[in-house]
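The values are calculated or read from the model by the stated rules, or taken from the named source; none is laboratory data. Bear in mind the structure is a predicted one, so any value in this text is a computation, not a measurement. All Cβ positions, even for glycine, are placed from backbone atoms using ideal geometry, and neighbour counts span all protein chains on display. Note: areas computed on protein heavy atoms with side chains; ligands, DNA, RNA excluded. Shrake-Rupley method; radii C 1.70, N 1.55, O 1.52, S 1.80 Å.
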Amino acid sequence: MSKLEEARRYEAREENAIPADDRPLFHLTPRTGWMNDPNGLCYYQGAYHLFYQYYPYDTIWGPMHWGHAVTTDLLHWDYLPCALAPDTDADDAGCFSGTAVPAPDGRLLLLYTGVQRVGPGQDDTKQMQCLAAGDGIDFVKDAANPVIGEDLLPEGGSAVDFRDPKIWYEDGLYRCVVSTRDKTAQGSILLYESPDARHWTYRTTLDRCNGEYGKMWECPDFFPLEDRQVLIVSPQEMEATPDGEFHAGYGVVALVGRYDKAGARFTREWVQTLDSGLDFYAPQSVVAPDGRRILIGWMENWETVNRTPRRHRWFGRMSLPREAFLREGRLCLRPVRELETLWQDTLTRRETLDGDAAWEGVSGRRLDLTVTLDLAASPDCRRFTLRFAEDGCHHTDIAWDAAAATLVLDRSLCGIRQDFPNRREVPVAPRDGKLVLRLILDSDCMELFVNDGERVLSAIIETPVEADGLSLHSEGAAALDLVLHHLG
Ligand code: FRU
């Protein structure tokens, strides 16, 4: 039996052992086993396809396959059979991350990193880019793989780290960006061009980290957004910055600027983080049929993932899909509006709070809650805290400090038993005299959208689902508007 057939049989059997309520409601988890990066996110023949880094046989990272799921509403996913297995000379050590593009002839093309074994040691591998083509379910790997070999690396590049191609088709040409780490350990983003997705030429190096924003840049994405061009990378080994914009470790960085297409020159205008939370990495984007640019990331953290307890026969999940837009010199993200189709039992309340208040009779672990703090009407408010997933022993807090203009996410008491990073502090100033906190909770995944997308903080909370209380705390009177939708 081929490796792909074996994986397909295994996942189809194992999936039955996982009860539906073992999974979040609208965050995609692997069909079985392990998931990391989103791969091949695209819109093809009337549906969104999302592939993912996949090891079906265990809940830890292993030889990478590509799992596959489809959706029409970005919330309800159906699994399709495993799309790629590491079964050729060009990818015998793994089918690493990559992307998909519908070809003009109707096929779906996958461009991914084939990891090739070149010696007996665990790390004796090279990474090169491989092509597979198919009908959206079954894919045939190109006999010429790798189609972007190490001979196409520019001077100083290295095939030890040469991965995660993002492909697109435009004006009759395929283009892709690929990340690499050169011999001085600096990440850079290479641009390639091809008439047929099989024969590629190196065009230029679009950007490089030059000692800033981490070292190796993984999983690039490159796309126009409104009147700008965005390069997204997921750096390893970031250093935190004193302004709270970047945290240490694995981050997601957006470089926003201008692109001279004819000259293939990208000029940065500003650099920002894309998610200030604890669990978000390696996002990919897709253009929806209505033109929205939608991003999905892996909602875990490489720093902690190997020590996180395994509670299910699956591990790893994707973020809620988010719509990207520019506002006032910042790339912002808001939850896709499809989420509104899950709204149920809406509760609203307007009140002035001074002290502590449980929201009587209100609880839940699947909700979309917006708290608006009207600061013009709350001159005495010094500090406001939203507490959720709460019982006598557990809770997670989102606390805003007016004098410092900072927001803290703190999950220290969520129930985690490992000494993980549990807290993030970020600058947040009121916008138009208001602070708007939108919290989306799907069992143990939380995503906070601040001031309509100017900041996002994503995190997993290891809290028993019975801990479903919500409470509000204010030092100094706070004029609040609350809108809560349960999600179902
Ligand atoms: C990022 C990453 C990619 C690589 C993949 C391997 O999370 O390290 O660079 O292709 O995961 O699973």
Residues (within 21 Å of residue 219 (Cα to Cα), in contact with a Ser or Thr (Cβ under 8 Å, 6 or more places away or on another chain) and more than 12 Å from the ligand (Cβ to nearest atom)) located in the range 85-94: 85
Subset of the range 450-470 [surrounded by fewer than 17 Cβ atoms within 10 Å (Cβ to Cβ) and over 26 Å from the mean Cα position of the chain (by Cα)]: 466
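Scan the range 51-81 for residues that are in a loop (DSSP other than H, G, I, E, B), in contact with a helix residue (DSSP H, G or I) (Cβ under 8 Å, 6 or more places away or on another chain) and either among the charged types (D, E, K, R) or away from the ligand (no atom under 16 Å from the Cβ) (or both) and jot them down.
To start, the set of residues in the range 51-81 that are in a loop (DSSP other than H, G, I, E, B) comprises 56-64, 72-77.
Retained after the next criterion (residues that are in contact with a helix residue (DSSP H, G or I) (Cβ under 8 Å, 6 or more places away or on another chain)): 56-57, 73-75.
Selection gives 73, 74, 75.
Would you mind finding the one in 246, 266 that is more than 16 Å from the ligand (Cβ to nearest atom), within 30 Å of residue 404 (Cα to Cα) and surrounded by 18 or more Cβ atoms within 10 Å (Cβ to Cβ)? Can you show your working first?
Values: 266 fails: within 30 Å of residue 404 (Cα to Cα).
That would be 246, the only listed residue that is more than 16 Å from the ligand (Cβ to nearest atom), within 30 Å of residue 404 (Cα to Cα) and surrounded by 18 or more Cβ atoms within 10 Å (Cβ to Cβ).
Which of the residues spanning the range 9-30 are open to solvent by less than 40 Å² (accessible area, probe 1.4 Å) and either free of Cβ contacts under 8 Å to residues at least 12 places away in the same chain or in contact with a Cys (Cβ under 8 Å, 6 or more places away or on another chain) (or both)? Please lay out each step first, then the result.
First pass over the range 9-30, keeping only residues open to solvent by less than 40 Å² (accessible area, probe 1.4 Å): 11, 14, 18, 23-24, 26-30.
Scanning the range 9-30 gives 11, 24, 27.
Could you check how many residues of the range 153-181 are among the acidic types (Asp, Glu) and within 16 Å of the ligand (Cβ to nearest atom)? Step through it out loud before you land on a result.
Initial filter on the range 153-181 (among the acidic types (Asp, Glu)): 155, 161, 164, 170-171.
Now drop any that are not within 16 Å of the ligand (Cβ to nearest atom), which leaves 161, 164.
The number of residues fulfilling the criteria is 2.
Quick test for you: out of 287, 253, pick the one residue that is in the same structural domain as residue 69 (by TED's automatic domain parsing), open to solvent by 30 Å² or more (accessible area, probe 1.4 Å) and either of a type in the set (Val, Ile, Thr) or within 16 Å of the ligand (Cβ to nearest atom) (or both).
Details: 253 fails: open to solvent by 30 Å² or more (accessible area, probe 1.4 Å).
287 is the lone residue from the list that is in the same structural domain as residue 69 (by TED's automatic domain parsing), open to solvent by 30 Å² or more (accessible area, probe 1.4 Å) and either of a type in the set (Val, Ile, Thr) or within 16 Å of the ligand (Cβ to nearest atom) (or both).
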Subset tally (residues that are assigned to a strand (DSSP E or B), farther than 23 Å from residue 223 by Cβ and either in contact (Cβ under 8 Å) with a residue 40 or more places away in the chain or more than 15 Å from the ligand (Cβ to nearest atom) (or both)) for the range 95-116: 1
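Sort through 419, 401 and tell me the only one that's more than 19 Å from residue 358 (Cβ to Cβ), modelled with pLDDT under 95, out of contact with any Asp or Glu (no Cβ under 6 Å at 6 or more places or on another chain) and surrounded by fewer than 17 Cβ atoms within 10 Å (Cβ to Cβ). Quick ask: steps written out before the conclusion?
Values: 401 fails: modelled with pLDDT under 95.
Exactly one residue qualifies, and that residue is 419.
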The range 70-90 residues that are within 20 Å of residue 294 (Cβ to Cβ), paired with ones that are polar (S, T, N, Q) and surrounded by fewer than 19 Cβ atoms within 10 Å (Cβ to Cβ) (beta carbon under 6 Å, 6 or more apart): 77/71
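Say we look at the range 269-282 and pick out the residues that are within 16 Å of residue 448 (Cα to Cα) and among the aromatic types (Phe, Trp, Tyr); which of these is surrounded by the fewest Cβ atoms within 10 Å (Cβ to Cβ)? Give the derivation first.
Step one: list which residues in the range 269-282 are within 16 Å of residue 448 (Cα to Cα), which gives 273-281.
Within this subset, residues satisfying the condition of being among the aromatic types (Phe, Trp, Tyr) are 280-281.
Values: 280: 25, 281: 27.
If we take residues in the range 269-282 being within 16 Å of residue 448 (Cα to Cα) and among the aromatic types (Phe, Trp, Tyr), then 280 is surrounded by the fewest Cβ atoms within 10 Å (Cβ to Cβ).
Have a look at 343, 359 and point out the one that is among the aromatic types (Phe, Trp, Tyr) and crowded, with 16+ Cβ neighbours inside 10 Å. Spell out how you get there, then give the answer.
On the way: 343 fails: crowded, with 16+ Cβ neighbours inside 10 Å.
Going through 343, 359 in turn, just one is among the aromatic types (Phe, Trp, Tyr) and crowded, with 16+ Cβ neighbours inside 10 Å: 359.
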Restricting the range 193-230 to residues that are farther than 20 Å from residue 282 by Cβ and among the aromatic types (Phe, Trp, Tyr), the residue that is surrounded by the most Cβ atoms within 10 Å (Cβ to Cβ): 200
